[in-house]
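A short worksheet on the structure shown next.
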Amino acid sequence: MENKIRWGVIGSGGIARRRTIPEGIMNADHAKLVSVFDINTRANEEVAEKFNAKPAGSIKELLESGIDAVYIASPVSLHFDHVIACAAGVKHVLCEKPLGMTVTETEKMISVCKKRGVLLGTSFMMRFHSGHKEALKMIRDGKIGKPVYARAQLSCWYPPIEGAWRQDPSTGGGGSLMDMGSHCIDLLEMFFGNIKSVSCYINNSIHSYRSEDSAVVSMFFENGAIATVDTFFCIPDNSSKNSLELYGSKGSIIANGTIGQGDSGQMIAYLEGGASGYDAAQVRNETGGITIKPVPVNTYRAEIEEFSRAILENKEPENNVALGLRSQKILAACYESAGKGKVIELK
């Protein structure tokens, strides 16, 4: 095999066209875009022309175009069929989250890919944000002490759009929780470890489409930490700062704007030098803190590079199927909690 993985894309419109192709595949080391497919023929031809790729007229044609791997960014309801087709064609797969519509679908996808000897990855690109990686290192080094509480927020304004698959649970699997909350939950598990139980509320606060436009999840971790995720399709973009807050017994890490599709954001650590006594006045110092500002990394490029290297070196990718299956189980528990109005234990 050459030193470059030859990539195909299923679902070339949307996030693939906006971010993953131009920022990821086109710029990544060890990656080359070969062919693209989308049911929107015109959009697919535009993407192919812009990025010098072959416009495939079908998934079969895409899989026979000399590619090694496929990035799947189609509606969630199609992920299962598309992953199974790629596995049958012995092509490695990096699939957008969630991997499937259900835990059962995801388990089947994993089983088929394993039998065919192909790698299956989950596209949690926010794990590659340089600020998130630095925060993780600080937590593992004990800088904030014992994890106590975390909050992750990702919201936007997403009004009713005809044909929008994220606004119908039959095509998107869910709304703001499934689409954006999954990223937040995954990040918090990266920072604090496994979630033990969840309690969730979902609602249609503003928009009347079938998927929820509002979701809040409370989580209890195996290490005793507590966390919340709030994610909405009905808050104006600039009004939501996509906050990330990580608290421990020795300090905190507070960020705005690191959660999202970009590589920027502000992150500050407030760390205590040692144990201190009780301060009845509870004085807060509004200044100070340590600015966490590592060299920015384009998360889409980093994700494609890492997965391409995993294929070349025949190793498990960082964004592996275990993360995808874990996410699917937590999301299922969240929707079950919202439906039954009770805390759900993760099995």
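Pairs needed: first member in the stretch 260-271, at negative phi and charged (D, E, K, R); second member anywhere, in a loop (DSSP other than H, G, I, E, B) and modelled with pLDDT of 95 or more; C-beta distance under 7 Å; at least 6 residues apart or different chains.
As it stands, the answer is Asp263/His129; Asp263/Pro296; Asp263/Val297; Asp263/Asn298, since those pairs meet every condition given.
Scan the stretch 284-338 for residues that are in the same structural domain as Leu136 (by TED's automatic domain parsing) and farther than 20 Å from Phe128 by Cβ and jot them down.
If the condition is that a residue be in the same structural domain as Leu136 (by TED's automatic domain parsing) and farther than 20 Å from Phe128 by Cβ, then Arg284, Asn285, Glu286, Thr287, Gly288, Gly289, Ile290, Thr291 are the ones that fit.
Go through the stretch 92-129 and count every residue that is of a type in the set (Val, Ile, Thr) and either touching a Gly at 6+ places or on another chain (Cβ under 6 Å) or without any contact (Cβ under 8 Å) to a residue 24 or more places away in the chain (or both). Spell out how you get there, then give the answer.
The first filter runs over the stretch 92-129 and keeps only residues of a type in the set (Val, Ile, Thr), leaving 93, 102-104, 106, 110, 112, 118, 122.
If we keep only those that are either touching a Gly at 6+ places or on another chain (Cβ under 6 Å) or without any contact (Cβ under 8 Å) to a residue 24 or more places away in the chain (or both) as well, we get 104, 106, 122.
The qualifying residues number 3.
Please verify whether the stretch 301-308 includes one or more residues that are touching a helix residue (DSSP H, G or I) at 6+ places or on another chain (Cβ under 6 Å), not small (Gly, Ala, Ser) and not in a helix (DSSP H, G or I).
The initial filter retains those residues of the stretch 301-308 that are touching a helix residue (DSSP H, G or I) at 6+ places or on another chain (Cβ under 6 Å), namely 301-304.
Next, from what is left, pick out any that are not small (Gly, Ala, Ser): 301, 303-304.
Restricting the remaining residues to those that are not in a helix (DSSP H, G or I) gives none.
No, the stretch 301-308 has no match at all.
Quick check on the stretch 81-97: of everything there that is outside any strand (DSSP E or B) and charged (D, E, K, R), which residue is surrounded by the fewest Cβ atoms within 10 Å (Cβ to Cβ)?
Of the stretch 81-97, the ones outside any strand (DSSP E or B) are 81-91, 97.
Retained after the next criterion (residues that are charged (D, E, K, R)): 81, 91, 97.
Values: Asp81: 13, Lys91: 22, Lys97: 23.
Restricting to residues being outside any strand (DSSP E or B) and charged (D, E, K, R), the top hit is Asp81.
Taking into account only those residues within the stretch 202-223 that are acidic (Asp, Glu) and out of contact with any Pro (no Cβ under 9 Å at 6 or more places or on another chain), which is surrounded by the fewest Cβ atoms within 10 Å (Cβ to Cβ)?
The first filter runs over the stretch 202-223 and keeps only residues acidic (Asp, Glu), leaving 212-213, 222.
Those still in the list that are out of contact with any Pro (no Cβ under 9 Å at 6 or more places or on another chain) too: 213, 222.
On the way: Asp213: 26, Glu222: 12.
Restricting to residues being acidic (Asp, Glu) and out of contact with any Pro (no Cβ under 9 Å at 6 or more places or on another chain), the top hit is Glu222.
Please work out if Ala16 is within 13 Å of Ile304 (Cβ to Cβ) and of a type in the set (A, V, I, L, M, F, W, C). Quick ask: steps written out before the conclusion?
Values: within 13 Å of Ile304 (Cβ to Cβ): yes; of a type in the set (A, V, I, L, M, F, W, C): yes.
Considered against the rule, which asks whether it is within 13 Å of Ile304 (Cβ to Cβ) and of a type in the set (A, V, I, L, M, F, W, C), Ala16 comes out as yes.
The values are calculated or read from the model by the stated rules, or taken from the named source; none is laboratory data. Worth saying up front: this structure is predicted, and the values here are computed from it rather than measured. With ideal geometry, Cβ positions are generated from the backbone for all residues, glycine too; neighbour counts draw on all protein chains shown.
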